[in-house]
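Each remark here refers to the structure printed beneath this line.
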Amino acid sequence: MRAIKIKNLSKSFMINSVSSRSLKYTLLNVFGGTRQKLTVLDDISFDIKKGEFIGIIGQNGCGKSTLLKILAGIIEPDTGKIEINGKVSPFLELGVGFQEELSALDNIYLYGSLLGMTKSQIDEKLNDIISFSELEKFINTPLKHFSSGMYVRLAFSVAIHADFDNLLLDEVLAVGDVSFQQKCFQKFEEIKEKGKTIVFVSHNLKQIVNFSDKVIWMESGKIKSFDNAKKIVNRYIQSHVFSTIRKIENSKVSIRSVNCDKNIYKTKEDIKITIKYQAMDVSKSINFGLGIYSDNLNEYIFGFNTSHDKIKIKPFKNGTIETILRKQSLLPGNYYINVVCFNKDEIKFLDFVGQAFKFEIIGNQKYRGLVEINHSWIVK
Amino acid sequence: MKQNLEIIRQLTYTDFKLRYSGSVLGYLWSFLKPLGLFLVLYIVFAQMLRFGDSVPNFPMYLLIGIVLWNFFVEVTTNGLHSIVQRSSLIKKIYFPRIIIVLVSSFSALINLSFNVMVLIILMIIFKIDVFHLKTLLAPLYIIELWVLGFSLALILSSLYVRYRDISYIWELFLQIFFYATPIIYPFSMITSPYDKYLMINPIAQIITDFRLIFITFDYPTLPYYPWLHLFGIFLILILGLVIFQRSQRSFAEQL
């Protein structure tokens with residue numbers, strides 16, 4: 001069954017260069033002023049099935065939040081059709097309407113009502129809300145004495161117990177502590193199992209990969225792709241990494257090739273990496289850096305460069321450098337290497353190759369995590 | 001619908017609780033304020049000025065006028081600011097926006113009810129017959145005034161989102177109307193052709209009729225424009241609802 005269906009949705013805002021909130025401005029600009037049209041959403045269509053956990057990613061200003069606001073009914077679209085089955089509960093900001101002067105209990109009722117609960121519904125769920133928030137002791141304390149963590153917990157507990165079919169979340173979990181975040185995501189699983197739909201905007205790609213079934217990737221008001229979460233996030237990271245690299249224009253150095261001696265290694269086996277480069281200007285010394293990432297989590301594991309190790313490279317016209325990762329302690333899995341060449345300035349690069357080489361570590365998965373750390377036990 | 005009623009209830013309750021939070025005397029202020037006002041009026045007008053000698057119980061007469069006028073000012077001014085004040089709510093959550101204006105007028109109604117309690121107590125002290133059949137008309141006048149204020153608040157709050165000048169314009173307007181309404185002077189002082197013009201003002205009609213119930217025991221009469229005010233207020237209400245309905249769609253974007 002379908003939960004949300006969006007068809008040809010567009011939205012643009014009129015942006016004024018000067019504040020138009022005075023009558024004077026309006027009167028002086030009746031015949032058109034300096035208004036600019038800004039298209040935030042441009043002909044968007046998608047379907048979300050019931051019980052799906054959908055992540056939305058994209059750079060700031062790509063229209064994610066506007067899309068969520070339209071789904072929540074806060075903003076009306078210019079054109080397009082929206083069909084939503086069931087009740088929508090928006091959670092776009094922590095504790096909307098919370099009153100600092102009132103007690104946590106009063107705020108539960110206030111916020112609950114804003115989320116569409118009746119008093120009897122809140123009465124019924126009050127114990128669950130309080131115990132989920134772990135704020136039993138502070139339930140009669142005014143909110144102004146709460147820490148930001150307590151604030152998050154209270155707001156989230158109310159929101160998650162609201163009676164809804166579709167939950168909209170906008171980057172709200174970034175605040176809470178890790179254990180509470182964990183608890184929330186467990187709750188999301190429960191919600192999903194009940195056949196409820198969650199749409200989740202986040203910049204935390206790890207959360208997106210871990211919890212979303214599918215991901216909408218938005219770019220300047222359009223949906224760039226809508227597919228399996230892992231697939232989209234990987235592509236997003238790749239494009240993101242390249243777009244943030246600021247390469248020096250007309251750089252005099254280029255990386256020709258990056259190779260390893262094998263494709264598959266065991267843990268503790270040496271990895272030899274060979275980088276071939278070409279330098280037009282051999283008078284200035286250069287540096288090389290390597291970054292090792294895990295392929296499925298895109299986790300940055302280890303980065304090192306020649307300047308860290310106090311090695312100066314006098315470039316050759318056609319040069320080669322080798323590095324050996326001696327007895328590397330990576331656990332079984334897939335990894336890749338980014339290679340960068342820079343001069344003194346580590347912010348701007350002479351050349352950069354993302355995912356220059358991919359390799360796999362095999363072996364029996366004895367330990368957990370990404371790297372094996374040498375350890376011993378003492379039992380007394 | 002049930003959910004919306006709950007939102008109204010919760011927001012009104014919150015407003016009420018917040019009003020005197022942090023003050024020592026708390027809700028007592030709701031009584032102390034009109035009481036203090038009456039004391040001033042009594043000393044100035046009944047003891048020192050002898051300005052309204054033609055009217056029996058002139059301080060009471062004044063207090064009724066001022067209480068009703070203040071209620072009108074509170075409904076319209078709070079209403080005017082209500083949408084902008086609750087912008088964080090409007091931008092983050094959806095519920096019928098009219099609730100916000102409604103709640104702000106309820107807060108004014110609660111305030112009025114405290115004032116009315118003081119009025120009743122004072123009337124009993126000054127031996128004015130409160131327990132009269134005509135007293136039943138008083139709530140109807142309050143409702144009439146509330147509908148007028150609420151309708152204007154709908155228009156004002158919608159405009160205020162777009163044009164911040166509205167609050168100054170309304171302030172000026174209220175100042176003018178304070179004198180165009182028989183509040184601090186007795187209506188009987190107005191000479192012949194002007195009384196007709198004055199009575200076009202619906203607030204003048206409401207305040208005068210309200211006073212007629214308690215101070216001068218005539219039957220509430222509408223000799224000037226029998227149905228004009230009710231009809232006019234009804235029109236303003238329709239106009240307010242239409243304007244508000246049309247502009248509320250873009251509130252979240254404009255705030």
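The values are calculated or read from the model by the stated rules, or taken from the named source; none is laboratory data. Quick caveat: nothing in here was measured; it's all calculated off a predicted structure. Here the Cβ is made from the backbone with ideal geometry for all residues, glycine too, and neighbour counts use every protein chain on show.
Tell me which residues, restricted to the range A:177-198, are basic (Lys, Arg) and either within 15 Å of residue A:133 (Cβ to Cβ) or surrounded by 15 or more Cβ atoms within 10 Å (Cβ to Cβ) (or both).
The answer is A:183, A:187, A:192, A:196.
Return the total of residues in the range A:152-179 being among the hydroxyl-bearing types (Ser, Thr, Tyr) and at pLDDT 85 or above.
1
Inspect the range A:133-154 for any residue being more than 10 Å from chain B (Cβ to nearest Cβ), β-branched (Val, Ile, Thr), buried (at least 22 other Cβ atoms within 10 Å of the Cβ) and outside any loop (DSSP other than H, G, I, E, B) and give the result as yes or no.
yes
For (1) aliphatic (A, V, I, L, M); (2) free of Cβ contacts under 8 Å to residues at least 40 places away in the same chain; (3) over 30 Å from residue A:91 (Cα atoms); (4) touching a strand residue (DSSP E or B) at 6+ places or on another chain (Cβ under 6 Å), each residue gets a yes or a no:
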{"residue": "B:65", "(1), (2), (3), (4)": "no, no, yes, no"}
{"residue": "B:82", "(1), (2), (3), (4)": "no, no, no, no"}
{"residue": "B:99", "(1), (2), (3), (4)": "yes, no, no, no"}
{"residue": "B:117", "(1), (2), (3), (4)": "yes, no, yes, no"}
{"residue": "B:122", "(1), (2), (3), (4)": "yes, no, yes, no"}
{"residue": "B:126", "(1), (2), (3), (4)": "no, no, yes, no"}
{"residue": "B:143", "(1), (2), (3), (4)": "yes, yes, yes, no"}
{"residue": "B:149", "(1), (2), (3), (4)": "no, no, yes, no"}
{"residue": "B:173", "(1), (2), (3), (4)": "no, yes, yes, no"}
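Suppose we filter the range A:67-85 for residues that are in a loop (DSSP other than H, G, I, E, B) and touching a strand residue (DSSP E or B) at 6+ places or on another chain (Cβ under 6 Å); how many remain?
4
Just give me the residues in the range B:14-62 being of a type in the set (D, E, K, R) and outside any loop (DSSP other than H, G, I, E, B), in sequence order.
B:15, B:17, B:19, B:33
Failed condition for residue A:341, given (1) in contact with a Ser or Thr (Cβ under 6 Å, 6 or more places away or on another chain); (2) closer than 24 Å to residue A:254 by Cβ, with all others met?
Every condition holds for residue A:341 apart from (1).
Within the range B:50-67, can one find any residue that is at pLDDT 80 or above and over 21 Å from residue B:124 (Cβ atoms)?
No, the range B:50-67 has no match at all.
Kindly check whether there is at least one residue in the range B:19-33 that is within 12 Å of chain A (Cβ to nearest Cβ) and within 21 Å of the chain's Cα centre (by Cα).
So far as the range B:19-33 goes, yes, one or more of its residues are within 12 Å of chain A (Cβ to nearest Cβ) and within 21 Å of the chain's Cα centre (by Cα).
State which residue is farthest from residue A:334 (Cα to Cα) when the search covers only the range A:258-316 and only residues that are part of a loop (DSSP other than H, G, I, E, B) and among the basic types (Lys, Arg).
Of everything passing the filter in the range A:258-316, A:284 is farthest from residue A:334 (Cα to Cα).
Regarding the range A:279-293, can at least one residue be identified that is modelled with pLDDT under 85, closer than 28 Å to residue A:232 by Cα and within 25 Å of the chain's Cα centre (by Cα)?
no
So, in the range B:1-26, how many residues would count as being farther than 30 Å from residue A:87 by Cβ and without any contact (Cβ under 8 Å) to a residue 60 or more places away in the chain? If you could, list the steps in order and put the result at the bottom.
Here is the first cut: in the range B:1-26, the residues farther than 30 Å from residue A:87 by Cβ are B:19-26.
If we keep only those that are without any contact (Cβ under 8 Å) to a residue 60 or more places away in the chain too, we end up with B:20-26.
Total meeting the criteria: 7.
Per-residue answers, yes or no, for (1) within 14 Å of chain A (Cβ to nearest Cβ); (2) more than 20 Å from residue B:149 (Cβ to Cβ):
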position	(1), (2)
B:60	no, yes
B:74	no, no
B:94	yes, yes
B:103	yes, no
B:106	no, no
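If you scan the range B:189-207, which residues turn out to be of a type in the set (S, T, N, Q) and loosely packed, with under 12 Cβ neighbours inside 10 Å?
Of everything in the range B:189-207, those that are of a type in the set (S, T, N, Q) and loosely packed, with under 12 Cβ neighbours inside 10 Å turn out to be B:191, B:192.
Any residue in the range A:87-109 that is in contact with a Gly (Cβ under 8 Å, 6 or more places away or on another chain), assigned to a helix (DSSP H, G or I), at pLDDT 90 or above and within 14 Å of chain B (Cβ to nearest Cβ)?
Within the range A:87-109, one or more residues are in contact with a Gly (Cβ under 8 Å, 6 or more places away or on another chain), assigned to a helix (DSSP H, G or I), at pLDDT 90 or above and within 14 Å of chain B (Cβ to nearest Cβ).
Where in the range B:150-255 are there helices (runs of 4 or more DSSP H), lying fully within it, with 1 or more residues that are β-branched (Val, Ile, Thr)?
B:166-179, B:202-214, B:228-248
Of all residues in the range B:83-106, count the ones that are surrounded by fewer than 22 Cβ atoms within 10 Å (Cβ to Cβ) and of a type in the set (Ser, Thr, Tyr).
3
Out of everything in the range A:3-51 that is of a type in the set (Lys, Arg), part of a strand (DSSP E or B) and modelled with pLDDT under 85, what residue ends up being nearest to residue A:167 (Cα to Cα)?
Top of the filtered list is A:37.
Take the conditions of a type in the set (Phe, Trp, Tyr), surrounded by 14 or more Cβ atoms within 10 Å (Cβ to Cβ), at pLDDT 85 or above and over 21 Å from residue B:120 (Cβ atoms) and apply them to residue B:177. Does it pass?
Yes.
For residue A:123, work out the one condition from (1) within 14 Å of another protein chain (Cβ to nearest Cβ); (2) under 30 Å from residue A:56 (Cβ atoms) it doesn't fulfil.
(2)
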